[in-house]
Amino acid sequence: MNEKLTIALTKGRILKETLPLLARAGIEPLEDLSSSRKLVFATTRAEVQLVIIRGTDVPTYVRHGAADMGVVGKDILLEHGAQGLYEPLDLGIARCRLMTAGPVGWQGSGARIRVATKFVNIARRHFARQGVHAEVIKLYGAMELAPMMNLADLIVDIVDTGNTLRANGMEPLEEIAAISSRLVVNKAAMRSRYTAIQRVIDDLAALLEADDAAA
Ligand code: PRP
C-alpha cells in the first residue's frame with residue numbers, strides 16, 4: 001500500500017472543478033498541474049498526494065487500492081461497473097446527461113437499429129429494457145459522425161449544452177441517466193485508513209452543503 005493517501009483525478013473538466021473544491025479542503029498541489037507532464041503531485045497536506053490518470057482508469061486504480069480515492073464521472077461507473085468501490089459523495093460537478101440522439105426528424109423504421117457509442121454496456125442495457133433490437137457499435141470518439149456517414153442510426157453519448165449535436169444535424173432523444181462526478185473510495189482502504197479518508201469525505205461534504213445552502 002502507498003504510504004500517502006492517494007486521490008486519483010482526471011484531466012479536463014473534473015480536474016478544473018475538483019481542484020478548487022480540494023483547495024478549500026486544504027489540499028492544494030504544490031505545483032501547477034496544467035504546466036507539468038508529471039502524473040503524481042504532492043500537496044499542501046503532506047499525507048495526501050494526487051495522481052492524474054484517464055477517467056476510465058480511475059475505477060481500476062481505486063478498485064485495486066493503487067489509489068485510495070478518486071473522482072470519476074457517473075457515466076464511467078455505469079459503463080464499467082462500481083465493484084469494489086464505495087461511492088460516498090456526489091460532488092455535483094461536471095454535470096451532463098447521458099442520452100440517445102439521432103439525426104433531426106429521425107423516425108425509427110421499427111426494424112433493428114444500429115447504435116454507435118463508447119458506452120456499449122449502457123446502450124445494450126437501455127435498448128434491452130425497451131425491448132428494442134439494437135446492434136451496438138463501439139466507437140472511441142466523435143460519435144456524432146456515425147449517423148452522418150451511415151455507420152449507425154442513433155448514438156448514445158454525453159450531452160451538455162447540446163451544441164455538438166446541433167452542429168452535426170442531430171437532436172437529443174431520450175435521457176438515459178443524469179451524470180455528475182462522484183467521489184469513489186477503495187473498500188479495504190475505507191477500513192484500514194478510515195480516519196484520513198473520512199476526514200476528506202467530511203470536509204468535502206461540508207463544503208458541498210455550504211454551497212447548497214448559499215445557492
Ligand atoms: C462530450 C461528448 C460530446 C460533447 C457534448 O465530449 O462526447 O462530444 O462532450 O457536449 P455539448 O453538448 O456541450 O456539445 P467531451 O468533450 O467530453 O470529449 P470526449 O469525446 O473525449 O468524451
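Scanning region 86-98 for residues that are surrounded by fewer than 22 Cβ atoms within 10 Å (Cβ to Cβ) and part of a strand (DSSP E or B) yields 86, 87, 88, 89, 90, 96, 97. For region 49-64, a tally of residues being part of a loop (DSSP other than H, G, I, E, B), surrounded by fewer than 17 Cβ atoms within 10 Å (Cβ to Cβ) and within 16 Å of the ligand (Cβ to nearest atom) returns 1.
Considering 67, 46, the condition of being of a type in the set (A, V, I, L, M), surrounded by 18 or more Cβ atoms within 10 Å (Cβ to Cβ) and over 22 Å from residue 156 (Cβ atoms) is satisfied by 67 alone. All conditions but one from (1) in contact with a helix residue (DSSP H, G or I) (Cβ under 7 Å, 6 or more places away or on another chain); (2) within 14 Å of the ligand (Cβ to nearest atom); (3) free of Cβ contacts under 8 Å to residues at least 40 places away in the same chain apply to residue 136; the one that does not is (2). The lone criterion from (1) surrounded by fewer than 16 Cβ atoms within 10 Å (Cβ to Cβ); (2) farther than 18 Å from residue 108 by Cβ left unmet by residue 174 is number (2). So for region 71-84 (the condition being more than 16 Å from the ligand (Cβ to nearest atom), surrounded by 15 or more Cβ atoms within 10 Å (Cβ to Cβ) and charged (D, E, K, R)), does at least one residue qualify? Scanning region 71-84, I find no residue that is more than 16 Å from the ligand (Cβ to nearest atom), surrounded by 15 or more Cβ atoms within 10 Å (Cβ to Cβ) and charged (D, E, K, R), so the answer is no.
In region 139-175, the qualifying residues are those that are touching a Lys or Arg at 6+ places or on another chain (Cβ under 7 Å) and not in a loop (DSSP other than H, G, I, E, B), and the one that is farthest from the ligand (Cβ to nearest atom) is 175. Among the residues making up region 26-43, a single one is closer than 16 Å to residue 197 by Cβ and surrounded by fewer than 16 Cβ atoms within 10 Å (Cβ to Cβ): 26.
Of the residues that sit in region 1-47 and are among the aliphatic types (A, V, I, L, M) and more than 30 Å from residue 160 (Cβ to Cβ), which one is farthest from the chain's Cα centre (by Cα)? Checking each candidate, the answer is 46.
Only residues that are among the aliphatic types (A, V, I, L, M), over 17 Å from the mean Cα position of the chain (by Cα) and within 16 Å of the ligand (Cβ to nearest atom) were counted in region 87-115, giving 3. State yes or no: is residue 187 of a type in the set (Lys, Arg), within 16 Å of the ligand (Cβ to nearest atom) and modelled with pLDDT of 95 or more? Taking the combined requirement at face value, the residue does not satisfy it. Listed conditions (1) within 16 Å of the ligand (Cβ to nearest atom); (2) part of a strand (DSSP E or B) are all met by residue 15, apart from (2).
The values are calculated or read from the model by the stated rules, or taken from the named source; none is laboratory data. Since the structure is predicted, the reported quantities are computational estimates derived from the model, not experimental observations. We place every Cβ from the backbone using ideal geometry, glycine too, and count neighbours over all the protein chains shown.
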